[in-house]
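Everything below concerns the one structure shown next.
The values are calculated or read from the model by the stated rules, or taken from the named source; none is laboratory data. All values reported here derive from a predicted model rather than from experimental measurement. Glycine also receives a Cβ, built like all others from the backbone with ideal geometry; neighbour counts cover every protein chain displayed.
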Amino acid sequence: MRFDFTTVLSGLDLAEIKPAGSSIFEMGALGEVLYIVKSGQAEIRVGDLVLETAGEGDLLGEMAILDEQVHQRSASAIALTDCEVVAMNRQRFLELLRANPEVGLEVSKLMVRRLRSTTFLSHHDRLTQLPNRALLSESCDTAVKRAMRRGTTVGVLIADVDNFGKINESLGYQAGDELLLELSKHLRGQLHELDVLARLGANQFAVILEDQTSSQIAAAAEHLRTSLVRPFSAANHDIYVSLSIGISCYPQDGATAAKLIANASAALYAAKEQGRNRCSYFSPELHTLAVETFTLQNYLRSALERNEFFMNYQPRADLSSGRITAVEALLRWRHPELGLVPPGKFIPIAEQAGMIDEIGEWVLRTSCAQQKTWLASGISPFRMAVNLSARQLRHIDLKDRVAAILAETGLDADSLELEITESAVMEDPARTVFLLKELRSLGIGIALDDFGTQYSSLGYLKQFPLDYMKIDQCFVRGIPTSNDDSAITKTIITLAKNLRLRVIAEGVETQEQMAFLVEHGCEEVQGYLFSRPLAGDAAEAMLIANLGKPA
Ligand code: C2E
Ligand code: MG
Ligand code: MG
């Protein structure tokens, strides 16, 4: 079957690229031509691009082209449920080509790959149904390419079950298989649904981690290793197993799947040499980072009890009146030995170690109580903006948790704003829409933080109940000298206005940046130029000076 970019561009004769065994469907009302590929004949895999999906002729959902997380999740869901899938949507594909030929080219390549009818089994392990080595390399290549574009990190973990040979010998191969199956389920359960877990060989598994920092990757590996505390049952025996894990990361340890996998294997070999049941890193920097991560994790565990956390508040102001509209609550951690640890360092670690819920509640309670005190003292109304982490968004009862803290502190919901980063929101957009609507129903304002750094699905963006959009500092830093940053900032301002959101620029440090923002219609600013984050007392003084307070 021939299928290349030129064919797609000239005339888009879909019939020509129709995979064998599939049929073309006219979706009458929608006017879209779709391919229905019979399950088993073609497979949609993580990393493939799916524009529309259908099960038994029904349109299941519409996916944004650049929203890779959504399409990844859907793709893996499709592969799992083995339903009938649809290859492409002519209209959208054409639009994509026009808007972004480069992406279009990539899409068409992916399509070619996908349309090569393959069976599920040639890419999956029979026993565990996990992806096999071939699929792992492909997924890893895709992950690396994505990371190159985004400037992010990819972690490759290769895990080996220690002493597996002995288990096989003493209990028999069937018990060995049972154990591996149990173990594969366990490992899958420890990972995020977007992480790739593959089986490489008899007793070897591999994991690909995307969108995580090196320290999060280190923590995830350690978590996998230490999660094997319970015994697994096989052949009526309780068997305790341990894992040795080798870790490599893009970009430090290689820029191709082959290199990363080879280096993770080398690290695994070192872990085995050092006595098994341990994690080992290919590069020394990663090793240092891992040690640092675990030290911080341990210190963090006692930080709440020891009152090592405190809040800073950074005011932001309306550009036309100069009045403070809100203060952002920013968490600070002072450790007796380490001194002040930046939140960019400890928050990801707290997230990974499952401590962010407790810390997040403390932040919300402390900030709401502070806000209540300030408003009760007579300072004119302004709002308190509190950051929520991605993990807090996973709680389906988030609304109740927040409502309980509002009730406890006596703060009105409309004095509170919650800031949620674009990346957190896009982790599970459908769920987030639901959670944010619930929070909004209480009267809480919602801000989309660090906007512009991720690939957002514009389709979802429309659905999120938002009040504010905060332009990420990295763009603000470049204005007005960088043409790119200036163009992006202007685009975000326009986008926010079209979505009827108030737009806030973060990290404004200079008069020139401020002038540019005023000129292009930005509504609020936050940054060192107006005020640094301040301790409670200093923030109070600034609030009174700016907003006034009856004597
Ligand atoms: P963010 O929410 O985007 O907060 C803004 C960050 O920009 C703050 O960094 C602030 O101090 C810094 N900043 C403000 N103005 C300027 C400026 O003009 N120039 C520069 N260079 N920086 C400026 P900070 O306090 O280090 O916090 C970093 C990030 O940590 C925050 O980014 C937020 O994502 C997270 N964070 C802070 N406190 C909390 C919290 O209580 N909970 C959660 N989940 N995350 C928090
Ligand atoms: Mg924020
Ligand atoms: Mg921000």
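Take T453 and decide whether it is within 15 Å of ligand 3 (Cβ to nearest atom) and in a loop (DSSP other than H, G, I, E, B). Outline the logic, then answer.
Numbers: within 15 Å of ligand 3 (Cβ to nearest atom): yes; in a loop (DSSP other than H, G, I, E, B): yes.
When the stated conditions are applied, T453 passes them.
For (1) of a type in the set (D, E); (2) surrounded by fewer than 18 Cβ atoms within 10 Å (Cβ to Cβ); (3) over 26 Å from S302 (Cα atoms); (4) within 16 Å of ligand 3 (Cβ to nearest atom), each residue gets a yes or a no:
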| position | (1), (2), (3), (4) |
| --- | --- |
| E358 | yes, yes, no, no |
| F382 | no, no, yes, no |
| R394 | no, yes, no, no |
| M426 | no, no, yes, yes |
| K437 | no, yes, yes, no |
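Would you check if there is a residue in region 362-378 being under 26 Å from the mean Cα position of the chain (by Cα), under 21 Å from I471 (Cα atoms) and more than 16 Å from ligand 3 (Cβ to nearest atom)?
no
Do we find that I405 is assigned by TED's automatic domain parsing to the domain that holds Y313, part of a loop (DSSP other than H, G, I, E, B) and over 18 Å from the mean Cα position of the chain (by Cα) in this structure?
On the way: assigned by TED's automatic domain parsing to the domain that holds Y313: yes; part of a loop (DSSP other than H, G, I, E, B): no; over 18 Å from the mean Cα position of the chain (by Cα): yes.
No.
Regarding D472, is this residue away from ligand 3 (no atom under 16 Å from the Cβ) and of a type in the set (D, E)? Give the derivation first.
Details: away from ligand 3 (no atom under 16 Å from the Cβ): no; of a type in the set (D, E): yes.
So D472 does not fit the description; no.
Return yes or no: is L260 surrounded by 19 or more Cβ atoms within 10 Å (Cβ to Cβ), in a loop (DSSP other than H, G, I, E, B) and of a type in the set (A, V, I, L, M)? Full working, then the answer.
On the way: surrounded by 19 or more Cβ atoms within 10 Å (Cβ to Cβ): yes; in a loop (DSSP other than H, G, I, E, B): no; of a type in the set (A, V, I, L, M): yes.
No.
Spot the failing condition for E193; the list is (1) touching a residue at least 60 places away in the same chain (Cβ under 8 Å); (2) in contact with a helix residue (DSSP H, G or I) (Cβ under 7 Å, 6 or more places away or on another chain); (3) outside any loop (DSSP other than H, G, I, E, B), and only one is missed.
Only one criterion is unmet by E193, namely (3).
Of everything in region 230-250 that's among the polar types (S, T, N, Q) and not in a strand (DSSP E or B), which residue is surrounded by the most Cβ atoms within 10 Å (Cβ to Cβ)? Lay out the reasoning, then the answer.
As a first pass, look at region 230-250 and keep what is among the polar types (S, T, N, Q): 233, 236, 242, 244, 248.
From what is left, the residues that are not in a strand (DSSP E or B) are 236, 242.
Details: N236: 8, S242: 15.
Checked region 230-250; the qualifying residue surrounded by the most Cβ atoms within 10 Å (Cβ to Cβ) is S242.
From S214, S244, S248, which residue is modelled with pLDDT of 90 or more, under 22 Å from the mean Cα position of the chain (by Cα) and not acidic (D, E)? Let's see the steps before the verdict.
Numbers: S214 fails: modelled with pLDDT of 90 or more; S244 fails: under 22 Å from the mean Cα position of the chain (by Cα).
Result of the check over S214, S244, S248: S248.
Out of everything in region 321-352 that is away from ligand 1 (no atom under 11 Å from the Cβ) and surrounded by 20 or more Cβ atoms within 10 Å (Cβ to Cβ), what residue ends up being farthest from D400 (Cα to Cα)? Spell out the reasoning first.
So in region 321-352, the residues away from ligand 1 (no atom under 11 Å from the Cβ) come out as 321-327, 334-339, 349, 352.
If we keep only those that are surrounded by 20 or more Cβ atoms within 10 Å (Cβ to Cβ) as well, we get 324-327, 349, 352.
Values: I324: 29, T325: 26, A326: 24, V327: 24, I349: 26, Q352: 24 Å.
Among them, the one singled out is I324.
From (1) away from ligand 2 (no atom under 16 Å from the Cβ); (2) over 24 Å from the mean Cα position of the chain (by Cα); (3) outside the structural domain of A143 (by TED's automatic domain parsing), pick out the condition that doesn't hold for L289.
The number of the failed condition is (2).
For Q370, all conditions in the list (1) away from ligand 1 (no atom under 14 Å from the Cβ); (2) polar (S, T, N, Q); (3) part of a helix (DSSP H, G or I) hold save one; what is the number of the exception?
All conditions are met except number (1).
Pull up region 381-428, narrow it to residues that are more than 12 Å from ligand 1 (Cβ to nearest atom) and basic (K, R), then point me to the one that is nearest to I356 (Cα to Cα). Steps first, answer last, please.
From region 381-428, those more than 12 Å from ligand 1 (Cβ to nearest atom) are 381-383, 394-416, 425-428; that's our starting set.
Checking which are basic (K, R) leaves us with 383, 394, 399, 401.
On the way: R383: 23, R394: 12, K399: 17, R401: 14 Å.
If we take residues in region 381-428 being more than 12 Å from ligand 1 (Cβ to nearest atom) and basic (K, R), then R394 is nearest to I356 (Cα to Cα).
Tell me, which residue of region 468-511 that is part of a helix (DSSP H, G or I) and charged (D, E, K, R) is nearest to ligand 2 (Cβ to nearest atom)? Steps first, answer last, please.
Taking region 468-511 first, the residues part of a helix (DSSP H, G or I) are 473-478, 483-498, 511.
Adding the requirement that they be charged (D, E, K, R) leaves 477, 484-485, 490, 497.
Details: R477: 16, D484: 23, D485: 19, K490: 22, K497: 21 Å.
Going through the qualifying residues, I end up with R477.
Is it fair to say T494 is touching a His at 6+ places or on another chain (Cβ under 9 Å) and farther than 25 Å from G443 by Cβ? Please lay out each step first, then the result.
Details: touching a His at 6+ places or on another chain (Cβ under 9 Å): yes; farther than 25 Å from G443 by Cβ: yes.
Criteria met by T494.
Among what's in region 292-315 and is within 27 Å of the chain's Cα centre (by Cα) and within 18 Å of L529 (Cα to Cα), pick the residue that is farthest from ligand 1 (Cβ to nearest atom).
Only one residue fits best here, namely Y313.
Can you tell which of L436, L461 is within 16 Å of ligand 2 (Cβ to nearest atom) and assigned to a helix (DSSP H, G or I)? Full working, then the answer.
Numbers: L461 fails: within 16 Å of ligand 2 (Cβ to nearest atom).
Being within 16 Å of ligand 2 (Cβ to nearest atom) and assigned to a helix (DSSP H, G or I) holds for just one of L436, L461, which is L436.
Would you be able to say whether some residue in region 470-489 is buried (at least 18 other Cβ atoms within 10 Å of the Cβ) and more than 27 Å from G151 (Cα to Cα)?
Within region 470-489, none of the residues are buried (at least 18 other Cβ atoms within 10 Å of the Cβ) and more than 27 Å from G151 (Cα to Cα).
Hey, does region 542-549 have a residue that's buried (at least 18 other Cβ atoms within 10 Å of the Cβ), β-branched (V, I, T), more than 16 Å from ligand 1 (Cβ to nearest atom) and in a helix (DSSP H, G or I)?
Within region 542-549, not a single residue is buried (at least 18 other Cβ atoms within 10 Å of the Cβ), β-branched (V, I, T), more than 16 Å from ligand 1 (Cβ to nearest atom) and in a helix (DSSP H, G or I).
Would you check if R500 is away from ligand 3 (no atom under 16 Å from the Cβ) and at positive phi?
Against the criterion (away from ligand 3 (no atom under 16 Å from the Cβ) and at positive phi), R500 qualifies.
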